[in-house]
1. Compute the distance in nm between two label points, each set 7 Å from the Cα along the Cα-to-Cβ direction, one at LEU73 and one at ALA50.
2. Using a 10 Å cut-off on Cβ atoms, rank the peptides 64-77, 45-58 from the highest mean neighbour count down.
Amino acid sequence: MAFSTLNRGALVAPLAVAYVIASAGGLSAQAPSTFEIAAASGYGVEDCLAEGGECGRVVADAFCEAHGRGEALKFGLSASGEAAQPQPYYITCGD
């Protein structure tokens, strides 16, 4: 049974918050409100961030909220990282 984008976002948001809390060591701050997330987190968060649509927005907003920030300003695939490694994702949160 396939999940619609809305249902998938509703399922992933709580997982994203749990992921953020459980794996704070896998995150690194690039700037005061920009965070980098490993491409292979294992929680499916990167799938939503890669799509960019509503699912990505839900995950990014939940991530920012979990870090005491405002809603996500932008998110997606990071341009940093080594070519041999999967590219990480980033989320920039408002204040």
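Only the coordinates and a few stated rules stand behind these numbers; no lab work does. These numbers were taken from a predicted model, which means no experiment stands behind them. Cβ: placed from backbone, ideal geometry, glycine included. Neighbour counts: every protein chain shown.
1. Going from the LEU73 label point to the ALA50 one covers 2.7 nm.
2. Ranked from most to least packed, the peptides come out as 45-58, 64-77.
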